[in-house]
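Report on the structure given below.
The values are calculated or read from the model by the stated rules, or taken from the named source; none is laboratory data. Small disclaimer: the values here were computed from a predicted structure and weren't measured. Cβ placement follows ideal geometry from the backbone for every residue including glycine, while neighbour counts extend to all protein chains displayed. Accessible surface areas use protein heavy atoms only, side chains included; no ligands, DNA or RNA. Shrake-Rupley method; radii C 1.70, N 1.55, O 1.52, S 1.80 Å.
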Amino acid sequence: MLTKTYLSLTDSVEDDFELSTVCHRPESMDKLQEQTKFTKKELQVLYRGFKNECPSGVVNEENFKNIYSQFFPQGDSSMYAHFLFEAFDTNKNGSVSFEDFVFGLSIILRGTINDRLNWAFNLYDLNKDGCITKEEMLDIMKSIYDMMGKYTYPTMQDDAPREHVESFFQKMDRNKDGVVTIDEFIESCKKDENIMQSMQLFDNVI
């Protein structure tokens with residue numbers, strides 16, 4: 001049975017947020033502001049939107065997929081949303097809290113190049129073993145193409161994701177051992193303008 005908790009983030013923002021029955025109490029806005037690269041006003045806007053979609057204060061994977069599908073109605077975003085959910089669910093407890101959401105978003109939108117590349121590496125490293133295989137990269141790439149849909153790329157061949165990955169992986173796997181480490185990933189991305197441009201596809205689907 002979920003405990004009913006009345007949420008008030010801070011006295012100064014009570015007027016901005018309705019008191020709500022929730023099962024998760026976020027950190028104070030002041031604390032989140034210190035821990036992220038968002039202003040208090042930005043956090044308030046983000047929280048209002050998050051609470052509107054997730055009144056309980058947390059989102060599970062099914063709800064996350066439903067929300068994400070609204071942004072990409074032209075394709076099937078379910079698999080990419082699954083991978084993205086896993087990346088946001090840093091505690092691996094099957095749910096994403098507002099804190100999880102804004103910490104990830106802060107890195108993606110406001111982080112340094114290294115921060116963002118580390119986050120991207122974690123997304124691609126599906127089994128979290130510290131390296132990326134060609135199969136993992138292909139799974140991510142296929143999910144991105146599926147999400148963008150045939151309307152976006154009507155003439156794209158079915159083997160386009162594999163060709164993209166072959167090119168990507170060949171440049172990244174510098175010691176040719178069949179896996180890409182975090183160091184190889186970051187070094188390759190920073191040194192190769194084409195890879196950085198390819199990363200823009202990742203940026204556009206967050």
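Tabulated data
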| read-out | value |
| --- | --- |
| In segment 67-113, the residues that are open to solvent by 60 Å² or more (accessible area, probe 1.4 Å), without any contact (Cβ under 8 Å) to a residue 60 or more places away in the chain and not in a helix (DSSP H, G or I) | Q70, F71, P73, T90, N91, K92, N93, T112 |
| Scan of segment 171-198 for residues that are open to solvent by 40 Å² or more (accessible area, probe 1.4 Å), at pLDDT 90 or above and part of a helix (DSSP H, G or I), ordered by number | I182, D183, E187 |
| Filtered residues of segment 13-64 (kept if at pLDDT 90 or above and among the aromatic types (F, W, Y)) | F38, Y47, F50, F64 |
| Pick from segment 135-150, criterion out of contact with any Asp or Glu (no Cβ under 9 Å at 6 or more places or on another chain) and surrounded by fewer than 17 Cβ atoms within 10 Å (Cβ to Cβ), ranking: farthest from F72 (Cα to Cα) | E135 |
| Residue check, L117 under 24 Å from K37 (Cα atoms) and crowded, with 20+ Cβ neighbours inside 10 Å | yes |
| Segment 30-66, residues that are open to solvent by 90 Å² or more (accessible area, probe 1.4 Å), under 14 Å from S106 (Cβ atoms) and in a helix (DSSP H, G or I) | E34, Q35 |
